[in-house]
Amino acid sequence: MSALSARGLEKRYGSTTALAGVDVDVAEGELVGLLGPNGAGKSTLVKIACGLVRPTRGQAEVCGAKAGSRASLRQLGYLAELFRFPGWYSADELVALHQRLSGSTGGEAERSELLELVGLTEARDRRVEAMSKGMQQRLGIAQALVGAPPLLLLDEPTSALDPAGRRTVRLLLEELRGRGTSVLLNSHLLSEIELVCDRVVILHRGAVVAEGSPAKLSRARGIEIETDQGTQIHEGTREDVPRLVAELVAADRRVYGVRVLTSTLEETYLEAVGEEAS
């Protein structure tokens, strides 16, 4: 059973179509990245999954339960892009508040485990207003994990962080995947998606225009071979390297280096969404 399954999702706001028949799956323990330009439908998809928006047509399920139902809400954690926590709360008090809201009975032991997981053990008594943006972001992930939900929905969790903060969150996501938590990550940062996600879904004008692992979406662009006559690019893939090198050696060429060229996720993304990538 998928942690998240969406079939034929459509969402219209008046004459505007936000989603136009989207199919998306997130398997158990899988980290899936959502990419797309502004207005592509990414946030709408996430909000449908957590029950904040109702689809015009189609359906979404969380661990087999209809999205938005009580049963589905018990199975997911959510961190919005523009979240805001009470500044006078300490980290420990904020997690305790979300324990009460969610009905978690984990108590102090759960709070300690979550704060340790996100690297905030030493700051558990610090007020939110005294925390850096990166610390607040990690605290947001901690509150989303209250009750150990099998699915985590994250909307732009690293957009306002510096490189060190993004790396911290990325390592945290890898830790969660290792624990079997499924994650749907909505982000504009292609480099982060490429580094951490098992699979990528690219949305454009409310439709899925590309899907697959970062490696699958990185297509071959030829083979660069350096010889005593200079560097040339030959057509082919990795499997063609032995044949090409053998042919060059048979022709009395000295081979100094071979490099298989592939397109980057960024290039694939730009091809998929065109000039609306900003």
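Relative contact order, percent, of the range 130-190 when contacts are C-alpha pairs under 8 Å separated by at least 6 residues? Show your work: numbers first, answer last.
Working: 47 pairs, mean separation 26.5, N = 61.
Taking the mean separation of contacting Cα pairs over the length of the range 130-190, I get 43 percent.
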> With contacts defined as alpha carbon pairs under 8 Å and 6 or more residues apart, what's the relative contact order of the range 1-126 in percent?
Replying inline: 21 percent
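Number of Lys pairs in the chain with C-alpha atoms less than 18 angstrom apart, excluding same-chain neighbours closer than eight positions? Walk me through the numbers on the way to the answer.
Numbers: LYS11/LYS42; LYS11/LYS47; LYS11/LYS66; LYS47/LYS66.
Lysine pairs, 8 or more places apart or on different chains, close enough: 4.
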>> Below 8 Å between Cα atoms, with a sequence gap of 6+, how large is the relative contact order for the chain in percent?
In response: 22 percent
> Which trypsin sites (Lys or Arg not before Pro) from the range 207-246 combine a DSSP loop assignment with at most 16 other Cβ atoms within 10 Å?
Replying inline: ARG219
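For the ranges 37-49, 173-185, 64-76, what's the packing order if you count other beta-carbon atoms within 10 Å of each residue, average per peptide, and put the highest first?
Numbers: 37-49: 21.6, 173-185: 18.5, 64-76: 16.5.
In descending order of packing, they fall as 37-49, 173-185, 64-76.
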> How many angstrom separate the Cα center of the range 213-278 from the Cα center of the range 53-110?
Replying inline: 46 Å
>> Against the 2.2 N^0.38 Å scaling, with N counting residues, where does the chain land? I'd like the Cα-based Rg ratio to two decimal places.
In response: 1.21
>> Could you work out [θ]222 nm for the chain from helices alone, using -39500 (n - 2.57) per DSSP H run of at least four and dividing by all its residues? Round to the nearest 500 deg cm²/dmol.
In response: -9500 deg cm²/dmol
>> For a quick check: with amide H placed at 1.01 Å from N, whose amide H comes under 5 Å from GLY222's, ignoring anything fewer than 5 positions away on the same chain?
In response: GLY236, LEU261
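Bear in mind these aren't lab numbers, they're just calculated from the coordinates by the rules spelled out. The shown structure was predicted, so the numbers you read here are calculated from the model rather than taken from an experiment. So basically every Cβ, Gly included, is an ideal-geometry build from the backbone, and we count neighbours across all protein chains shown.
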